[in-house]
Amino acid sequence: MPDYGSGAVGGPVWDDGVNFRRQIDTGFNEESKDSSSHDSKDAHAEEETCAICMDSFTDKKKLKCGHEFCRECIRMSVESLGSICPVCKEVFGILEGNQPNGTMNVTTSRMSLPGYPDCGTIEITYDIPSGIQTKKHPNPGKPFLGANRQAYLPNNREGKEVLSLLDRAFKQKLIFTVGKSTTTGAENVVTWNDIYHKTNKYGGPESYGYPDPHYLKIVKDELKAKGIE
């Protein structure tokens, strides 16, 4: 806050209360006006700048979240990151990942999982064969090592709901990617891609198993963040 002592605003303070008040009011209002004008210009400049190229818009495109970009900038972003707003991360289209081709097979068993008695188990088997990396992968043209993975869900209403969502995620190539394994450190291998799976029937969350009363909600939230709900 400005110092309204002697000489702070428009010169020395007068004894006349009216003149003193007028000097304060005049100085403060001019300062506020300049500041307001400056802020307005800054806000306007920010509105007219693409958050990707940090330059003036060229053929502006507005996403459903409200953020705006140059049409070519957002096209390149989609090519690299998928249909996600670079600012707020909201999905604005059908998100497709870089998962290599493979299969997702589903069977059921009568054995129940800990925490889900009397409903049996859904068993998912993912099979991603080894192959050659494409331009969407870290090292295009180089081979990658495939993977065979199992995952488990309770065979109840919510488990079947999650299975349906996972099936959509698999078809959109979001379950796996090619990169570095966090467990072995190996490069150019098929790895999980940020969608939580229960790969063990037992052992609790620490072993990626059951019981875990929060798991189904967690995985649904993760899928929702990718536009699958």
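If packing is taken as the average number of other Cβ atoms within 10 Å across a peptide's residues, how do 136-143, 89-96 rank, most packed first? Before the final figure, lay out each step's value.
Numbers: 136-143: 12.9, 89-96: 14.4.
Listed from highest to lowest mean packing, they are 89-96, 136-143.
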Considering only lysines 8 or more places apart in sequence, or on different chains, count the pairs in the range 103-225 whose C-alpha atoms sit under 17 Å apart. 18
By the gyration tensor of its Cα atoms, with a ≥ b ≥ c the square roots of the eigenvalues, what is the shape of the range 51-111: rounded for a/c under 1.5, prolate for a/b over b/c, or oblate? prolate
At 7 Å along Cα-to-Cβ for each site, give me the label-to-label distance between Cys65 and Glu206 in nm. 3.7
Taking the dipole of the range 103-225 about the Cα centre (Lys, Arg +1; Asp, Glu -1; charges at Cβ), the one of Ile122, Asn188, Gln150 that reaches farthest to the positive side is Asn188
Just report the Cα centroid separation between the range 170-229 and the range 123-151, whole Å. 15
Along the range 71-76, what does the Karplus equation 6.51 cos²θ - 1.76 cosθ + 1.60 (θ = phi - 60°) give for ³J(HN,Hα), rounded to whole Hz, x for Gly and Pro? 4, 6, 5, 6, 4, 5
Distance (nanometres) between label positions extended 7 Å along Cα→Cβ at Met76 and Tyr196: 3.7
If a/c stays under 1.5 just call it rounded; otherwise compare a/b with b/c (prolate if a/b is bigger, oblate if not). Do that for the range 46-165, with a ≥ b ≥ c from the square roots of the Cα gyration tensor eigenvalues. oblate
Is the range 130-211 best put as rounded, prolate or oblate by its Cα gyration tensor, with a ≥ b ≥ c the root eigenvalues, rounded for a/c under 1.5, and otherwise prolate when a/b is larger than b/c, oblate when not? oblate
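Readers should treat all values here as calculations from the given coordinates under stated rules, not as data from a laboratory. In this text the structure is predicted, and so the values were computed from the model without any measurement. Glycine also receives a Cβ, built like all others from the backbone with ideal geometry; neighbour counts cover every protein chain displayed.
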